[in-house]
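**Student:** Structure incoming, see below.
The values are calculated or read from the model by the stated rules, or taken from the named source; none is laboratory data. No experiment lies behind these values; they were computed from the predicted model shown. Note that we place each Cβ from the backbone using ideal geometry, even for glycine, and neighbour counts take in every protein chain shown.
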Amino acid sequence: MGNPGRGDDGLGPALVARLEKERQTGAEPGFDLTVEVRFQLNVEDALVFSRFDRVVVIDASRTAEPPFEFFPLEAQAQVSFSTHALSPQAVLAWCRELYGHTPQAYALAIPGKSWTLGEELSPEAEKNLGAALDFLKEEVQRYARD
């Protein structure tokens, strides 16, 4: 998730783009992985989540410890003004409610430093992005073996 036009807020889409580039160039061994980019999560994403056994939500963070944090997510219903811009936990709750399936879900929170307008990532975010990308590739490979 994230907005590439807001500096480090684009860490999620940047990680997905780099992963896709590696897969397309054959630099990474093939594995079954579906990726999608969102500015934010909405109730419609419950349908997307319901189609998978495992989901990783990747997003920039103002509070995560460098180089990244990886942690499980649990379904949690939330009362809000609207269903526009939901948390991953709320999407999981809708997934359970609407489709009777809640995938294993994790968050990959990548610390950023600069949130100003522009598409460039800060040097700190670039460093964290590299570590998060390496971790995610290893995690996907480990999951594929299990």
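**Student:** Please go through (1) surrounded by 13 or more Cβ atoms within 10 Å (Cβ to Cβ); (2) closer than 20 Å to L41 by Cβ; (3) of a type in the set (V, I, T) for V79 and return the number of the only condition it doesn't satisfy.
**Tutor:** (1)
**Student:** Still on this model: Restricting attention to the range 98-119, which residues are charged (D, E, K, R) and more than 24 Å from R23 (Cβ to Cβ)?
**Tutor:** As a first pass, look at the range 98-119 and keep what is charged (D, E, K, R): 113, 119.
Scanning the range 98-119 gives a single hit, K113.
**Student:** Does the range 55-71 hold any residues that are surrounded by fewer than 17 Cβ atoms within 10 Å (Cβ to Cβ) and either within 12 Å of the chain's Cα centre (by Cα) or among the small types (G, A, S) (or both), and which are they?
**Tutor:** E69, F70, F71
**Student:** Additional query: In the list R51, R18, which residue meets the criterion of being modelled with pLDDT of 90 or more, in contact with a helix residue (DSSP H, G or I) (Cβ under 7 Å, 6 or more places away or on another chain) and closer than 25 Å to R145 by Cα?
**Tutor:** Of R51, R18, the one residue that is modelled with pLDDT of 90 or more, in contact with a helix residue (DSSP H, G or I) (Cβ under 7 Å, 6 or more places away or on another chain) and closer than 25 Å to R145 by Cα is R18.
**Student:** Additional query: So, in the range 98-146, how many residues would count as being in contact (Cβ under 8 Å) with a residue 24 or more places away in the chain and among the charged types (D, E, K, R)?
**Tutor:** Total satisfying the criteria: 7.
**Student:** Inspect all residues belonging to the range 35-52 and state whether any of them is part of a helix (DSSP H, G or I), farther than 16 Å from Y106 by Cα and hydrophobic (A, V, I, L, M, F, W, C).
**Tutor:** Restricting attention to the range 35-52, the residues satisfying the condition of being part of a helix (DSSP H, G or I) are 45-50.
Now drop any that are not farther than 16 Å from Y106 by Cα, which leaves 47.
Those still in the list that are hydrophobic (A, V, I, L, M, F, W, C) too: 47.
Taking every residue of the range 35-52 in turn, at least one turns out to be part of a helix (DSSP H, G or I), farther than 16 Å from Y106 by Cα and hydrophobic (A, V, I, L, M, F, W, C).
**Student:** Taking only pairs six or more apart or across chains, which ones have beta-carbon atoms under 8 Å, a first residue in the range 71-86 that is assigned to a strand (DSSP E or B) and at pLDDT 95 or above, and a second residue that is among the β-branched types (V, I, T) and surrounded by 11 or more Cβ atoms within 10 Å (Cβ to Cβ)?
**Tutor:** Taking only residues 6 or more apart or on different chains, the pairs are L73/V57.
**Student:** So, in the range 102-144, how many residues would count as being assigned to a strand (DSSP E or B) and touching a strand residue (DSSP E or B) at 6+ places or on another chain (Cβ under 7 Å)? Give the derivation first.
**Tutor:** Taking the range 102-144 first, the residues assigned to a strand (DSSP E or B) are 104-111, 118.
Narrowing the set further to residues that are touching a strand residue (DSSP E or B) at 6+ places or on another chain (Cβ under 7 Å) leaves 104-111.
The total comes to 8.
**Student:** Give the number of residues within the range 120-146 that are among the acidic types (D, E) and touching a Gly at 6+ places or on another chain (Cβ under 6 Å). Steps first, please.
**Tutor:** In the first step, residues of the range 120-146 are kept if they are among the acidic types (D, E); the result is 120, 124, 126, 134, 138-139, 146.
Now narrow it down to the ones that are touching a Gly at 6+ places or on another chain (Cβ under 6 Å): none.
Result for the range 120-146: 0.
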